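The values are calculated or read from the model by the stated rules, or taken from the named source; none is laboratory data. Just so it is clear, the structure is predicted and the values come from calculations on it, not from any experiment. Virtual Cβ from ideal backbone geometry, glycine too; neighbours counted across all protein chains shown. Note: accessible area is taken over every heavy atom of the protein model, side chains too, but ligands, DNA and RNA are not part of it. Shrake-Rupley method; radii C 1.70, N 1.55, O 1.52, S 1.80 Å.
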Amino acid sequence: MTQQQQTISPVRVSVSVGPDPQRCFEVFTDEMISWWPAGHHIGETPLKEIIIEPFVGGRWYARHEGGEETDTGVVTAWDAPRGFTVTWQVGADWAYHADLVTHLDVSFTPTEDGRTLVELVHRDLEAYGADAAKMQRTFEGPDAWGGMLHIYKDVAERASAHERARIHGR
């Protein structure tokens, strides 16, 4: 069996976040620039904005300070505020490839304690071919999806606390 024929386990990460699923979904999708690490991009200049168009077939892309846009993938499922799926089409060379398709499934589930469980699954890593195992290790690393979800959690909870204070006049 060659590397390309092997099944590579999806990368699965999750985090418990204070706000309700609607707010968690909004911070994740509409405010991605607020938590996405500034150095994690494939453009020539720094990130200015990250956009996920909120419909099936919508683009997931970034606008950069220099005016250029870089594609990341497309929306393949959109079920706000329960979850969404996008393609991740960034290769092992950290460039966009239209013919490389892996998927990110992100779900937002209310928990009994009033929090939201945010789960991210990066699947179809076999598409990386000979680089699949290496990319799996990369995505499982501390600076990848797990670390990014912890940054996201901190941003979402700070935003929620700020909103509560504003509403209650504090």
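Evaluated against (1) open to solvent by 60 Å² or more (accessible area, probe 1.4 Å); (2) of a type in the set (D, E, K, R); (3) within 24 Å of residue 26 (Cβ to Cβ); (4) modelled with pLDDT of 95 or more, residue 63 falls short on exactly one condition, (4). Within region 36-67, being hydroxyl-bearing (Ser, Thr, Tyr) and part of a loop (DSSP other than H, G, I, E, B) holds for one residue alone: 45. Among the residues of region 68-82, at least one is more than 22 Å from residue 99 (Cβ to Cβ), under 16 Å from the mean Cα position of the chain (by Cα) and in a strand (DSSP E or B). Looking only at residues in region 43-60 that are surrounded by fewer than 16 Cβ atoms within 10 Å (Cβ to Cβ) and among the β-branched types (Val, Ile, Thr), which one is farthest from residue 94 (Cα to Cα)? Going through the qualifying residues, I end up with 56.
The residue that is farthest from residue 144 (Cα to Cα), counting only those in region 19-35 that are open to solvent by less than 30 Å² (accessible area, probe 1.4 Å) and in a loop (DSSP other than H, G, I, E, B), is 19. Among the residues of region 106-120, those identified as part of a strand (DSSP E or B) and either over 21 Å from residue 152 (Cα atoms) or open to solvent by 40 Å² or more (accessible area, probe 1.4 Å) (or both) are 109, 110, 117, 119. Of all residues in region 23-56, those satisfying the criterion of being free of Cβ contacts under 8 Å to residues at least 60 places away in the same chain and closer than 20 Å to residue 107 by Cβ are 26, 29, 30, 32, 50, 52, 53, 54, 55, 56. Residue pairs whose Cβ atoms lie under 6 Å apart, sitting 6 or more positions apart in sequence or on different chains, and linking a residue in region 117-130 that is farther than 13 Å from residue 99 by Cα to a partner that is among the charged types (D, E, K, R), are 121/12; 121/105. Number of residues in region 121-149 that are at pLDDT below 95 and open to solvent by 60 Å² or more (accessible area, probe 1.4 Å) equals 2.
If you filter region 78-96 down to residues that are loosely packed, with under 14 Cβ neighbours inside 10 Å and without any contact (Cβ under 8 Å) to a residue 24 or more places away in the chain, you find that the one that is farthest from residue 146 (Cα to Cα) is 79.
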